[in-house]
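The block underneath contains the structure these notes are about, expressed in structure tokens.
The values are calculated or read from the model by the stated rules, or taken from the named source; none is laboratory data. Quantities reported herein were computed from a predicted structural model and do not represent experimental measurements. All Cβ positions, even for glycine, are placed from backbone atoms using ideal geometry, and neighbour counts span all protein chains on display.
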Amino acid sequence: MDEKLSRERNQNWLRFWLRSLCCVRYTAGSILPDGVIPIIIPTNAIGRTNIPCSCAKNASVIQTKLATRRSSLIHIDLQNPHTDWSETASYVADVILKGGIAVLPTETVYGLAARAADENALRKLIQIKGRSENHPFALAFSCSEAVADFCGELSPLACRFARRTLPGPVSLVLDVSQNENELYRLPEFVQQHVTKKNTGENPSVCCRVPGHPFTQTVLGSMLNERGLNKNGGEPVILTSANRSGNGESVSIEQILADLSGTAIAVADGILTAPKPSTVLKVSGSQYTILREGSISAATINRLAATVLLFVCTGNICRSPMAECLCESILASQQGCGIDELERLGYAVLSAGISCNSGNPASADAVAVMKEYGLDLSGHQSQRLTQQAVQFADFIYVMTREHREWILSQWHNADSRLQVLRTDGGDVPDPYGSSIETYRHCGELIKREIIKRAAEIV
């Protein structure tokens with residue numbers, strides 16, 4: 001394949017791939033519910049909590065006599081302009097904190113939620129579900145950072161999947177370290193029902209960060225009475241809103257039929273593209289797709305790739321040369337062509353912190369790369385985005401000033417962000433200088449990438 005065509009095609013595909021993956025959490029495989037949120041709440045929880053006035057305006061509270069007890073149900077329409085999402089979410093969170101069971105929407109199917117720190121709430125949930133004790137429940141968190149609090153230190157691959165898929169329609173089954181972490185502060189009965197024993201290995205727990213904005217607000221509103229989960233409030237135990245053995249919960253009518261005799265809900269929301277989350281087990285540097293759902297296996301395989309991101313100011317000189325040279329060095333080390341790097345699990349990108357998108361590389365940068373036998377003529381500048389920072393495993397910047405600027409925007413990138421030069425110095429900007437300056441710049445970048453290769457591969 002022609003070198004220029006191969007590189008340009010590969011670069012365009014990588015950028016399209018990155019942009020499309022960044023949309024995974026909102027659009028992949030499913031459509032959000034239409035905004036109608038059913039909540040199953042025991043009467044005693046209602047008795048201890050006042051419904052916010054903004055909820056009461058739009059809520060139908062129905063007392064229904066079941067076989068042996070009373071249940072209350074509230075129908076909240078979040079599309080109603082008078083509904084205060086924050087106040088309503090705080091109320092729902094309070095219900096869960098006081099032992100109630102809530103039906104919450106995710107971006108996939110409806111789920112039953114119970115407080116993870118409440119053993120009695122879990123017993124209610126087990127009774128409703130009729131679930132086998134050998135089938136552990138998932139834990140749902142408000143943010144991906146909170147997952148590590150419960151599982152302990154995550155492997156680089158687990159961190160990669162967490163950054164790129166959460167919040168979203170993916171459930172990560174992660175090994176739990178034996179060191180002290182928040183999981184072991186839950187009641188022992190709860191621990192037994194959210195962990196799976198692995199022969200000769202650490203136990204594992206299934207972690208979910210739902211992408212539905214209302215459910216995220218509810219989880220973020222969870223009070224932290226036990227001091228759990230400093231990164232985002234308490235987690236909840238989350239399971240599909242159906243009896244075990246029945247199909248996934250795709251409509252309120254189905255939920256009512258499934259849970260008849262245990263609880264009642266009034267709502268008319270329907271999931272128009274129902275698909276469960278993809279379940280992915282990550283152990284060390286290996287991953288296994290346990291259930292293919294909203295995210296396809298092909299997409300998961302791409303999400304596993306190691307992404308390197310080079311950043312300068314305008315993305316027309318230093319960072320595109322670094323991208324071009326890095327691809328060449330990686331391909332040489334792997335014994336493959338540049339167009340085969342993606343298949344081997346590598347993606348190399350570049351961006352600028354202050355640039356317009358679509359500008360070509362400078363003529364001297366193109367000329368210097370041609371001297372290396374590389375083609376930079378198809379390059380188009382890209383502005384640095386939150387998604388690019390989030391997806392990158394290694395972010396190499398040309399100057400200390402670039403690093404400080406990125407940290408001011410995305411402080412969570414600190415552990416993945418380094419100045420390219422191993423001595424901490426800057427790579428001078430050659431823009432506007434002679435081609436000889438560009439040659440020196442290219443040589444410096446190449447030497448530093450070779451030094452960095454050990455931490456990349």
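Scanning the stretch 139-157 for residues that are at pLDDT below 95 and of a type in the set (Gly, Ala, Ser), which turns out surrounded by the fewest Cβ atoms within 10 Å (Cβ to Cβ)?
SER155
Residues in the stretch 334-356 that are at negative phi and exposed (fewer than 13 other Cβ atoms within 10 Å of the Cβ): how many?
Within the stretch 334-356, residues that are at negative phi and exposed (fewer than 13 other Cβ atoms within 10 Å of the Cβ) number 3.
Return the residue satisfying two criteria in turn: it lies in the stretch 275-319 and is of a type in the set (A, V, I, L, M, F, W, C) and closer than 20 Å to ASP175 by Cα, and of such residues it is surrounded by the most Cβ atoms within 10 Å (Cβ to Cβ).
Among those that are of a type in the set (A, V, I, L, M, F, W, C) and closer than 20 Å to ASP175 by Cα, it is LEU280.
Can you find a residue that is in contact with a strand residue (DSSP E or B) (Cβ under 7 Å, 6 or more places away or on another chain) and free of Cβ contacts under 8 Å to residues at least 40 places away in the same chain anywhere in the stretch 302-322?
Checked against the condition, which is being in contact with a strand residue (DSSP E or B) (Cβ under 7 Å, 6 or more places away or on another chain) and free of Cβ contacts under 8 Å to residues at least 40 places away in the same chain, the stretch 302-322 yields no hits at all.
Is there any pair linking a residue in the stretch 143-160 that is in the same structural domain as SER285 (by TED's automatic domain parsing) and farther than 21 Å from THR215 by Cβ to one that is part of a helix (DSSP H, G or I) and at pLDDT below 85, with Cβ under 7 Å and at least six apart or on different chains, and which?
Close Cβ pairs satisfying both conditions: LEU154/ALA148.
I'd like the full set of residues that are assigned to a loop (DSSP other than H, G, I, E, B) and out of contact with any strand residue (DSSP E or B) (no Cβ under 8 Å at 6 or more places or on another chain), limited to the stretch 428-456.
Within the stretch 428-456, PRO428, PRO430, TYR431, GLY432, SER433, SER434 meet the criteria.
What residue, among those in the stretch 387-426 that are without any contact (Cβ under 8 Å) to a residue 40 or more places away in the chain, within 26 Å of THR165 (Cβ to Cβ) and among the hydrophobic types (A, V, I, L, M, F, W, C), is surrounded by the most Cβ atoms within 10 Å (Cβ to Cβ)?
Among them, the one singled out is LEU417.
Evaluate the following for LEU139: is it part of a strand (DSSP E or B) and within 27 Å of HIS411 (Cα to Cα)? I'd like the intermediate steps shown before the answer.
Values: part of a strand (DSSP E or B): yes; within 27 Å of HIS411 (Cα to Cα): yes.
So LEU139 fits the description; yes.
So which residues in the stretch 100-123 are surrounded by fewer than 19 Cβ atoms within 10 Å (Cβ to Cβ) and either touching a residue at least 24 places away in the same chain (Cβ under 8 Å) or basic (Lys, Arg) (or both), if there are any at all?
Within the stretch 100-123, GLU119, ARG123 qualify.
Given (1) assigned to a helix (DSSP H, G or I); (2) modelled with pLDDT under 90; (3) farther than 22 Å from LEU104 by Cα, where does ARG226 come up short, assuming only one miss?
Unmet for ARG226, out of (1) assigned to a helix (DSSP H, G or I); (2) modelled with pLDDT under 90; (3) farther than 22 Å from LEU104 by Cα: (1).
Please return the ranges of helices (runs of 4 or more DSSP H) entirely within the stretch 286-388 where 2 or more residues are in contact with a Pro (Cβ under 7 Å, 6 or more places away or on another chain), at pLDDT 95 or above and outside the structural domain of LYS446 (by TED's automatic domain parsing). Lay out the reasoning, then the answer.
Numbers: elements: 297-303, 318-334, 363-371.
Of the helices (runs of 4 or more DSSP H) lying wholly inside the stretch 286-388, none has at least 2 residues that are in contact with a Pro (Cβ under 7 Å, 6 or more places away or on another chain), at pLDDT 95 or above and outside the structural domain of LYS446 (by TED's automatic domain parsing).
I need every pair where a residue in the stretch 427-450 that is at pLDDT 95 or above has its Cβ under 6 Å from the Cβ of a residue that is among the charged types (D, E, K, R), sequence separation at least 6 or different chains.
Once the first residue is at pLDDT 95 or above and sits in the stretch 427-450, its partners that are among the charged types (D, E, K, R) give VAL427/ARG318; ILE435/ASP364; TYR438/ASP364; GLU448/ARG421.
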